[in-house]
Amino acid sequence: MKKFQSFWNEKWEPIEQFVKSNKVYYPKHEYKVSNLGRVIRKKEGEEEFKLLNHHKLSKYKVVIIVTENDQVHQLYVHRLLGEYFLEKPSEDHNIVAFKNYDLSDLRLGNLAWMTKKEHSAHVVKSPAFKEAHRQKSTYKLTEERVRLIKRIIFDPNRKTRMKSIAKQFGISEMQLYRIKSGENWGHVDPLD
């Protein structure tokens, strides 16, 4: 924890209480959060506030707050910024989201209150979601593997069940039947 200096455009709000899991907690020490995402603490008997370090919890920046009964809580910094510096449009708006999807960008202009529905729609547009979706939708199969599958399923002496073949190649039985009928991968000749 370091001594700190306030920036010229920095505004501070006291954290007098916070809610977690519908329960209200009161900090043991004096805490303040700034519009720049910094949190400071002054313990009883100390003359100056000290800057708290951010930690990471599931990719989000958090600070540790100690309550009156000595419980330790990790509070999301973006959530504190939303609660103290952003106007909440309604009670349904209960998620503080990152507009540009950068979880380290704590500028107020990058944060917004959203409803669950708005947040779901926002997440689907994120580069991380699109990349994950793209990777999931890429074929598990290559033409070479489909040729091998077709050789196996069209082998007149085959004794292996379709279910076992599908499992061996990591595809569904339905996908296997579509390959057999030519509905999927019909352009691939097993003899090439």
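The values are calculated or read from the model by the stated rules, or taken from the named source; none is laboratory data. All figures in this text were calculated on a predicted structure; none of them were measured in a lab. Because the Cβ atoms are built from the backbone with ideal geometry, glycine has one as well, and the counts that use them run over all protein chains shown.
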Open item on the list: All but one of (1) at pLDDT 85 or above; (2) part of a helix (DSSP H, G or I); (3) surrounded by 13 or more Cβ atoms within 10 Å (Cβ to Cβ); (4) touching a helix residue (DSSP H, G or I) at 6+ places or on another chain (Cβ under 8 Å) hold for Lys163; state the number of the condition that does not hold.
Closed with: (3)
TODO: Select from region 166-192 the residues that are of a type in the set (Asp, Glu) and part of a loop (DSSP other than H, G, I, E, B) and write down the one among them that is farthest from Lys150 (Cα to Cα).
DONE: Glu183
TODO: Kindly provide the set of residues from region 141-170 that are over 16 Å from Gly182 (Cα atoms) and basic (Lys, Arg), ordered by number.
DONE: Arg158, Lys159, Arg161, Lys163, Lys167
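Just checking: which of the strands (runs of 3 or more DSSP E) contained wholly in region 5-114 hold 2 or more residues that are touching a helix residue (DSSP H, G or I) at 6+ places or on another chain (Cβ under 7 Å) and hydrophobic (A, V, I, L, M, F, W, C)?
Those strands (runs of 3 or more DSSP E) span 60-66, 95-98, 111-114.
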Task: Only listed residue being touching a Ser or Thr at 6+ places or on another chain (Cβ under 8 Å), more than 26 Å from Glu118 (Cβ to Cβ) and in contact (Cβ under 8 Å) with a residue 24 or more places away in the chain, chosen from Ile65, Ile40, Ile95 - done: Ile40
- [ ] Would you point out the residue of region 96-124, among those that are modelled with pLDDT of 95 or more and among the β-branched types (Val, Ile, Thr), that is nearest to Lys61 (Cα to Cα)?
- [x] Val96
Open item on the list: outside any helix (DSSP H, G or I), loosely packed, with under 14 Cβ neighbours inside 10 Å and among the basic types (Lys, Arg): is that true of Arg151 in this structure?
Closed with: no
